[in-house]
Structure formats: structure tokens, C-alpha cells
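Before any comments, here is the structure.
The values are calculated or read from the model by the stated rules, or taken from the named source; none is laboratory data. Keep in mind the model is a prediction, meaning the values are calculated, not measured. Cβ coordinates were reconstructed from backbone atoms using ideal geometry, including for glycine residues, and neighbour counts include every protein chain displayed. Each accessible area value is taken on the protein alone, full model and side chains, heavy atoms only, with ligands, DNA and RNA left out. Shrake-Rupley method; radii C 1.70, N 1.55, O 1.52, S 1.80 Å.
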Amino acid sequence: MALLLMLPCSAFAADGRLEVEMYRRQAMALAVKRNYEEALRSFDTAVHRYPTNADAYYNRAVFYFDRHQYEFALGDFDIVVRLAPTELQGSIARGAAYLRVGRYEEAMADFNKVLNLYPEGAVRAGALNNRAWIEAACPDARFRNGPQAVIDAKQAVDYGLWHKASCLGTLAAAYAEVADFDSAIKYVQQAIAAQKGSDILEGANEQLTAYQQRRHWRIKAETKKSELS
């Protein structure tokens with residue numbers, strides 16, 4: 001499962017940091033109440049008031065991503081990467097959005113760029129997990145690499161089980177890709193048991209059924225844009 005790396009706000013040094021955080025909190029409170037249009041207006045205000053603050057664009061991009069509006073998210077993530085090229089969570093997030101719309105070559109480029117810079121902790125785990133997801137389950141065979149997917153997914157899990165259920169689900173898909181279905185079943189069952197809060201393995205039961213039937217798992221690209229409701 002591809003993951004959007006969620007690190008604390010104000011990861012990007014720029015003007016208006018406290019104000020941008022204030023707008024983010026305001027927008028999230030509105031989103032909890034399902035007042036998505038007003039929430040978006042708060043994100044827009046932050047961007048318009050602080051056009052050089054990468055956090056402002058990152059926050060709005062995450063909002064778009066969560067609403068399945070991936071093309072809008074990509075536009076903002078592009079600006080994040082341009083404004084803060086050394087803050088690698090922007091590239092991981094953009095790669096996750098590319099992955100969701102089936103732009104696998106661009107997704108892999110972002111994940112490889114991050115990993116080539118040898119980050120640690122959650123940043124490395126996020127890039128490894130997302131790359132492994134493509135290597136294990138991409139519908140385009142050019143990007144699949146089962147043995148490397150197992151290596152990457154194992155490393156993502158080893159980095160402290162940062163997103164335990166999701167990373168274990170990726171490891172299960174990687175084992176399925178190398179036809180080790182017993183291991184795939186074992187790890188997807190662990191992923192199901194580990195689900196908690198926002199760390200939910202999408203399609204977990206369907207994956208378990210596939211592995212029990214000795215079938216691989218394939219990503220289904222999302223292309224629709226949701227309404228703000």
C-alpha cells in the first residue's frame with residue numbers, strides 16, 4: 001500500500017510558519033465537521049498570504065490527496081519540491097500521488113531520488129515501502145521486481161514498523177510476487193491484526209483471499225476526482 005508521509009507541520013523553514021500552522025488547524029477542524037469547502041478556503045488563504053511557504057502548499061496538497069483529488073495534489077506537491085528541494089517528504093508525497101493515478105515511472109523517480117540521498121527513519125521507511133509496493137504489485141510488468149520488493153519491504157518494516165499494518169501489507173504483496181504465498185498469507189494476516197487508527201490496509205481481506213488462491217496482487221490506479229462533500 002502506498003503511503004503519504006505525514007510529518008509534523010513546519011518541517012519547511014519559511015516565513016509565516018506560525019500563521020500557516022494556524023490555518024492548517026482551522027482547516028482540519030472544519031474538515032472534521034465535513035465542511036470541506038470552508039476548509040479548502042482556509043488552505044487557500046494560507047497559500048495566498050504566504051506564497052513562498054512550502055508548508056502551506058504541502059498542507060493543501062495533503063487535503064486534496066485525502067479527498068482523492070490527486071491532480072490538484074500533484075500541482076501543490078510540485079511547488080513544495082521546488083520551494084524546499086532538500087525536504088524529502090515532499091518528494092515522497094508527490095511520488096505517492098503519482099502512484100495513485102498510475103504514473104509509475106514518475107513515482108519511482110521520486111522514490112529513487114529520496115533513497116539515493118540515504119535518509120533515515122520514517123523518511124527512508126516511507127520511500128522504501130512505496131517503492132516496494134510498485135515493485136510488488138504494479139500492473140505494468142516493466143516496474144515489477146519481486147526479489148527487490150521483498151528486500152525493500154523488509155527494510156521498511158525494520159525501520160521501526162513506522163506504519164505497521166501498511167508496511168506488512170506491502171511485504172505480503174512482495175512475497176506473493178515471488179510466489180511465496182505462505183509468507184504472503186502470514187504477513188497479510190499480521191497486517192490485518194495490526195490495523196489501528198489511520199493505519200488501515202486497503203483491500204486487506206481481498207488480498208488475503210487472493211493469496212489463499214495463489215494469486216498475485218495488482219494496484220488499481222485511481223483516476224476520479226472526488227467532490228468536496
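Details
- All told, PRO147 meets the bar of being without any contact (Cβ under 8 Å) to a residue 40 or more places away in the chain, in a helix (DSSP H, G or I) and out of contact with any helix residue (DSSP H, G or I) (no Cβ under 6 Å at 6 or more places or on another chain).
- Applying the condition of being in contact (Cβ under 8 Å) with a residue 24 or more places away in the chain, assigned to a loop (DSSP other than H, G, I, E, B) and open to solvent by 10 Å² or more (accessible area, probe 1.4 Å) to the stretch 39-83 and asking which residue is farthest from TYR98 (Cα to Cα) yields TYR50.
- Any hit, the stretch 168-175, residues being in contact with a Leu (Cβ under 6 Å, 6 or more places away or on another chain), touching a residue at least 60 places away in the same chain (Cβ under 8 Å), among the hydroxyl-bearing types (Ser, Thr, Tyr) and crowded, with 22+ Cβ neighbours inside 10 Å: no
- The residue that is most open to solvent (accessible area, probe 1.4 Å), among those in the stretch 182-201 that are polar (S, T, N, Q) and more than 16 Å from the chain's Cα centre (by Cα), is GLN189.
- If you go through the stretch 155-179 and keep only what is farther than 18 Å from GLN207 by Cβ and not in a helix (DSSP H, G or I), you end up with TYR159, GLY160, LEU161, TRP162.
- Index of the failed condition, ASP152 passing every other in (1) surrounded by fewer than 16 Cβ atoms within 10 Å (Cβ to Cβ); (2) of a type in the set (Asp, Glu); (3) part of a helix (DSSP H, G or I): (1)
- Within the stretch 103-144, if we keep just the residues that are of a type in the set (Lys, Arg) and outside any helix (DSSP H, G or I), the residue that is surrounded by the most Cβ atoms within 10 Å (Cβ to Cβ) turns out to be ARG144.
- Qualifying residue in the stretch 203-219 (condition: farther than 29 Å from ALA31 by Cβ, assigned to a loop (DSSP other than H, G, I, E, B), out of contact with any helix residue (DSSP H, G or I) (no Cβ under 8 Å at 6 or more places or on another chain) and in contact (Cβ under 8 Å) with a residue 60 or more places away in the chain): no
- Taking the stretch 84-100 as the range and being in contact (Cβ under 8 Å) with a residue 60 or more places away in the chain and part of a loop (DSSP other than H, G, I, E, B) as the test, the residues that pass are ALA84, GLU87.
- Flag if LEU208 is hydrophobic (A, V, I, L, M, F, W, C), under 24 Å from GLN89 (Cα atoms) and out of contact with any Ser or Thr (no Cβ under 7 Å at 6 or more places or on another chain): no
- Taken over the stretch 206-229, the criterion of being at pLDDT below 95 and either open to solvent by 80 Å² or more (accessible area, probe 1.4 Å) or over 23 Å from LEU74 (Cα atoms) (or both) is satisfied by LYS220, THR223, LYS224, LYS225, GLU227, SER229.
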